[in-house]
Structures are given as structure tokens and as C-alpha cells.
1. Quick check on I92: is it surrounded by 15 or more Cβ atoms within 10 Å (Cβ to Cβ) and not hydroxyl-bearing (S, T, Y)?
2. Filter segment 34-56 down to the residues that are loosely packed, with under 14 Cβ neighbours inside 10 Å, over 13 Å from the mean Cα position of the chain (by Cα) and closer than 17 Å to H2 by Cα and list them by number.
3. Can you name every residue in segment 65-77 that is free of Cβ contacts under 8 Å to residues at least 12 places away in the same chain and either within 18 Å of V37 (Cβ to Cβ) or in a loop (DSSP other than H, G, I, E, B) (or both)?
4. Do the conditions hold for D94, that is, is it of a type in the set (D, E, K, R) and either assigned to a helix (DSSP H, G or I) or within 13 Å of the chain's Cα centre (by Cα) (or both)?
5. Tell me the residue from A62, A80 that is assigned to a loop (DSSP other than H, G, I, E, B) and either in contact (Cβ under 8 Å) with a residue 40 or more places away in the chain or under 13 Å from the mean Cα position of the chain (by Cα) (or both), please.
6. When you check Q9 against the structure, is it in contact with a strand residue (DSSP E or B) (Cβ under 6 Å, 6 or more places away or on another chain) and among the polar types (S, T, N, Q), yes or no?
7. Go through segment 20-33 and count every residue that is in contact (Cβ under 8 Å) with a residue 24 or more places away in the chain and over 18 Å from I5 (Cα atoms).
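The values are calculated or read from the model by the stated rules, or taken from the named source; none is laboratory data. For clarity, every value in this text was computed on a predicted model and none was experimentally measured. Here the Cβ positions follow ideal geometry from the backbone for every residue, glycine too, while neighbour counts run over all protein chains shown.
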Amino acid sequence: MHTVIVKYQLPEAKPRDAMLAAFHAAEGQFAGLPGLVRKYFCYDEAAHCGHSVYLWETKEQAEAFFGPRFAATMQEKFGATPEVFGVDTLLIVDGPAA
């Protein structure tokens, strides 16, 4: 498994509800994406900073997704240049089922 963490600083403050709506609008783009196990959409409203955490089956699948088009899309949608870094995921622990 391979985890990719993305951070992007928004050029101006956006309320939590606006970011949630944008995330919901993008949700379908990730459903069924080959190799993507899970994606977290996160937002720090006080800092105007978005974060995304992706879990991929392989490093190669992650690298294929995070090419130049990804950065262009982030600039287009949020006016932000993303910081992207990946790490080898050695172990995953899930909490108890609800």
C-alpha cells in the first residue's frame, strides 16, 4: 500500500460548508478509480488549508494519478498549488466497527 498526503493553501478564506460542497461535487471523480482504496477530504477552516489523504494499492498507481494534470486541476478549482508527498504504508489499523 502507498499513502499520499496533499496539502494546499487557499488564496482566501472559504467557509467549511463551501468546501464540503466542493468536496461532494468532486466525490464521484474518485469512486471506482483504479488502485484507490480510500480518500479523505479534509479542511482546516482557521488556516484556509485543505488536506487530502489517499491510500493506494501501489506506489505506481499513485504516481500515475499525481501527474501534471493533478496540479493543474487543483490550481483551476481552488487557486492553489498542492504540496504532494507519498510514503510506503506498512501497517493499517482500523478502529472497532460501529
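1. Working: surrounded by 15 or more Cβ atoms within 10 Å (Cβ to Cβ): no; not hydroxyl-bearing (S, T, Y): yes.
The answer is no for I92.
2. Of everything in segment 34-56, just one residue is loosely packed, with under 14 Cβ neighbours inside 10 Å, over 13 Å from the mean Cα position of the chain (by Cα) and closer than 17 Å to H2 by Cα, namely P34.
3. Matches in segment 65-77: G67 only.
4. Numbers: of a type in the set (D, E, K, R): yes; either assigned to a helix (DSSP H, G or I) or within 13 Å of the chain's Cα centre (by Cα) (or both): no.
Judged against the criteria, D94 is not a match.
5. A80
6. yes
7. 1
Here's the yes/no breakdown for (1) modelled with pLDDT under 95; (2) at positive phi; (3) among the basic types (K, R):
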{"position": "I5", "(1), (2), (3)": "no, no, no"}
{"position": "P11", "(1), (2), (3)": "yes, no, no"}
{"position": "K14", "(1), (2), (3)": "yes, no, yes"}
{"position": "D17", "(1), (2), (3)": "no, no, no"}
{"position": "A22", "(1), (2), (3)": "yes, no, no"}
{"position": "A25", "(1), (2), (3)": "yes, no, no"}
{"position": "G28", "(1), (2), (3)": "yes, no, no"}
{"position": "G32", "(1), (2), (3)": "yes, yes, no"}
{"position": "L36", "(1), (2), (3)": "no, no, no"}
